[in-house]
Amino acid sequence: MKLAGLYPIYKELLAKNETYCVFKFTKNKVGFDVFFDIGQTPYKLGFLVIGNNFQLWLNIERGFVIDTNLKKADYKRLTEILGLKFNKDNKFSTFAFFEEFNAKIPTSIPNIPERHIKNVLVKYFKVEDEDKLYYDGYIDWDKTNIKKGRKPKNLEKTRLLFPMLYNSIKNKNISIKYTATPNDFRDNGLLI
């Protein structure tokens, strides 16, 4: 099945030089955060249930095509999440589910609070040092005497939390340092 509704968001992500976005989708009064990720190949589409640990991940192939045939366990869990009971005369159709989803995809990236997006990222992506979400500087490994380098987990965390920063450092041997304490914009006790 082709999810043509993703194309406008895809174009906007490219124009903004970003690799993912989050938008909302509701079905049977169940709220999903939908994570559309073009930062990996194939592209990924994740349906994350708000207030639950259920995740449904799909590969998006060339032309925004997905396979609507879910694994048996994913199908069963999705029907449970949606509160559906088995009815042999009216079976749940994943094709119809994704058809409805496609029709409800926003035409532009919605403005979702950064705090909510970071909560989604920490909960579902298990970023390294998940309690440390605030920028705390960087280490340019090529300018140190230490024979270390950036770790893939650090780069992925940066891609998810700070997409513009990620685009600036992705081809450099730079690690981003993180802290658990947000900066209160004070320098030497004086408010800047």
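The values are calculated or read from the model by the stated rules, or taken from the named source; none is laboratory data. These figures come from a predicted structure and were not determined experimentally. Virtual Cβ from ideal backbone geometry, glycine too; neighbours counted across all protein chains shown.
Assorted remarks:
- Long-range neighbours under 6 Å by Cβ, at least six apart or interchain, first residue more than 19 Å from residue 54 (Cβ to Cβ) within the stretch 71-99, second modelled with pLDDT of 90 or more and part of a loop (DSSP other than H, G, I, E, B): 95/68
- Residue 160 meets the stated requirement of being touching a helix residue (DSSP H, G or I) at 6+ places or on another chain (Cβ under 8 Å) and touching a residue at least 40 places away in the same chain (Cβ under 8 Å).
Residues are listed down the side, and each one gets a yes or a no for (1) closer than 20 Å to residue 96 by Cβ; (2) modelled with pLDDT of 90 or more; (3) in contact with an Asp or Glu (Cβ under 7 Å, 6 or more places away or on another chain):
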position: 12; (1), (2), (3): no, yes, no
position: 18; (1), (2), (3): no, no, no
position: 36; (1), (2), (3): no, yes, no
position: 41; (1), (2), (3): no, no, no
position: 45; (1), (2), (3): yes, yes, no
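- In summary, strands (runs of 3 or more DSSP E) completely within the stretch 1-79 and bearing 3 or more residues that are touching a strand residue (DSSP E or B) at 6+ places or on another chain (Cβ under 8 Å) and under 14 Å from residue 120 (Cα atoms) occur at 20-27, 30-37, 43-49.
- Taking the criterion of being assigned to a helix (DSSP H, G or I), over 13 Å from residue 128 (Cβ atoms) and of a type outside the set (Ser, Thr, Tyr), the residues of the stretch 153-182 that qualify are 163, 164, 165, 167, 169.
- Among the residues of the stretch 127-157, those that are closer than 13 Å to residue 174 by Cα and among the hydrophobic types (A, V, I, L, M, F, W, C) comprise 139, 141, 146, 155.
- Residues of the stretch 137-161 that are within 17 Å of the chain's Cα centre (by Cα) and surrounded by 15 or more Cβ atoms within 10 Å (Cβ to Cβ): 154, 155, 156, 157, 158, 159, 160, 161.
- Residue within the stretch 176-185 that is under 22 Å from the mean Cα position of the chain (by Cα), farther than 14 Å from residue 121 by Cβ and either modelled with pLDDT of 85 or more or among the aromatic types (Phe, Trp, Tyr) (or both) present: yes
- Only one entry of 79, 94 meets the criterion of being touching a Leu at 6+ places or on another chain (Cβ under 6 Å), surrounded by 14 or more Cβ atoms within 10 Å (Cβ to Cβ) and among the polar types (S, T, N, Q), and that entry is 94.
- Test: residue in the stretch 91-102 that is assigned to a helix (DSSP H, G or I) and in contact with a Gly (Cβ under 7 Å, 6 or more places away or on another chain): yes
- Residues that are in contact with a helix residue (DSSP H, G or I) (Cβ under 7 Å, 6 or more places away or on another chain) and of a type in the set (Phe, Trp, Tyr), drawn from the stretch 36-66: 36, 54, 64
- Being surrounded by 15 or more Cβ atoms within 10 Å (Cβ to Cβ) and either touching a residue at least 40 places away in the same chain (Cβ under 8 Å) or within 14 Å of the chain's Cα centre (by Cα) (or both) is a description that applies to residue 48.
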